[in-house]
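Chemist: First the structure, then my questions, so here it is.
The values are calculated or read from the model by the stated rules, or taken from the named source; none is laboratory data. Nothing here was measured: the structure is a model prediction, and the numbers come from that model. Quick reminder, even Gly has a Cβ in these numbers, built from the backbone with ideal geometry, and neighbours come from all protein chains shown.
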Amino acid sequence: MDNKTFNKYFSVFIMVGMTVVTIAATALKLGPADEHARILLVIAAFGSLMGVAATVASASGKIITFLFGLLDVSIYGVMCLINWKNGSSGLGNAVLHFLYFIPMQFVGFFQWRKRGNNDEGSVKARRLTGRQRILACLVFLAGSVIAYLIIARFDKSAADTFIKTAVVLDVLPLMCNVIGQLLMSTAYMEQWIFWIGVNVSTITMWAVTLHNDAGSTYALIYIIKYSFYLINSINGLRNWILLSRPDSQDPR
């Protein structure tokens, strides 16, 4: 089986699997939920499906990822804001999505159009140099410390301890998202390393939310969503290693 065929079947697996599990989880939660919670649950489910469609398209280097992504990040930003107002973590992610992630969907769309496609219709991917990879790691570490200090100061929902776990769970996906989106919009293979970091830390964040509030109607949806994201991001890394091979790179 060649890579193109594998990606086609893998994409179908991710989309069908996510759809089935999302419908099942939504139906399970709709029963005991009040009217307001039901509305949030349905919106979260729709956003999750758009997000999976975006990541599947991104893993294959298809520019339509930014259309699905715009719907996904807009809905997710609202849900994070609601989660924070209800006393859990999410402030950093809400700010991230409204002020950075949504505008970057447009930046990525035009950047990918500028780079063009390869013979298979995928964006011409590239790789960071060794020096650029070190710089990305340093920016991640410095940004994480700065973001933690800022959010810990203003986020009153986190427990007042030496290290605020809720804030840490907020900061890690925030910084991985910032760098991952930048690398994605400029078509670098290393984006997938940060997307894997986003998925692992976000699954943990929503699992903590569900543990603290078993009645949270949308936390389960996002745990499922980012579990599928994690599987897809591993395949995305594999595929973009192939897309960014020297004989596939755009010389510009």
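Chemist: I'd like the full set of residues that are within 29 Å of Lys85 (Cβ to Cβ), modelled with pLDDT of 80 or more and small (Gly, Ala, Ser), limited to region 153-191.
Modeler: Gly180
Chemist: Those residues that are closer than 25 Å to Val73 by Cα and surrounded by fewer than 15 Cβ atoms within 10 Å (Cβ to Cβ), I need them from region 108-120; list them, please.
Modeler: Across region 108-120, the qualifying residues are Phe110, Arg113, Lys114, Gly116.
Chemist: Return a yes/no flag: does region 39-49 have any residue that is in contact with a Gly (Cβ under 6 Å, 6 or more places away or on another chain), outside any loop (DSSP other than H, G, I, E, B) and either farther than 18 Å from Asn199 by Cα or not charged (D, E, K, R) (or both).
Modeler: We begin by selecting, within region 39-49, every residue in contact with a Gly (Cβ under 6 Å, 6 or more places away or on another chain); these are none.
The answer is no; no qualifying residue exists.
Chemist: Another question, if that's okay. Please go through (1) surrounded by fewer than 21 Cβ atoms within 10 Å (Cβ to Cβ); (2) under 22 Å from the mean Cα position of the chain (by Cα); (3) closer than 17 Å to Trp240 by Cα; (4) of a type in the set (Val, Ile, Thr) for Val95 and return the number of the only condition it doesn't satisfy.
Modeler: That leaves (3) as the condition not met.
Chemist: How about region 98-135: which of its residues are hydroxyl-bearing (Ser, Thr, Tyr) and within 16 Å of the chain's Cα centre (by Cα)?
Modeler: Just the residues of region 98-135 that are hydroxyl-bearing (Ser, Thr, Tyr), to begin with: 100, 122, 129.
Result: Tyr100, single match.
Chemist: Is at least one residue of region 209-226 under 20 Å from Ile64 (Cβ atoms), touching a helix residue (DSSP H, G or I) at 6+ places or on another chain (Cβ under 7 Å), surrounded by fewer than 23 Cβ atoms within 10 Å (Cβ to Cβ) and modelled with pLDDT under 80?
Modeler: No: zero hits.
Chemist: Give the residue, chosen from Gly116, Gly143, Gly51, that is in contact (Cβ under 8 Å) with a residue 24 or more places away in the chain and on the phi > 0 side of the Ramachandran plot. Spell out the reasoning first.
Modeler: Details: Gly143 fails: on the phi > 0 side of the Ramachandran plot; Gly51 fails: on the phi > 0 side of the Ramachandran plot.
Exactly one residue qualifies, and that residue is Gly116.
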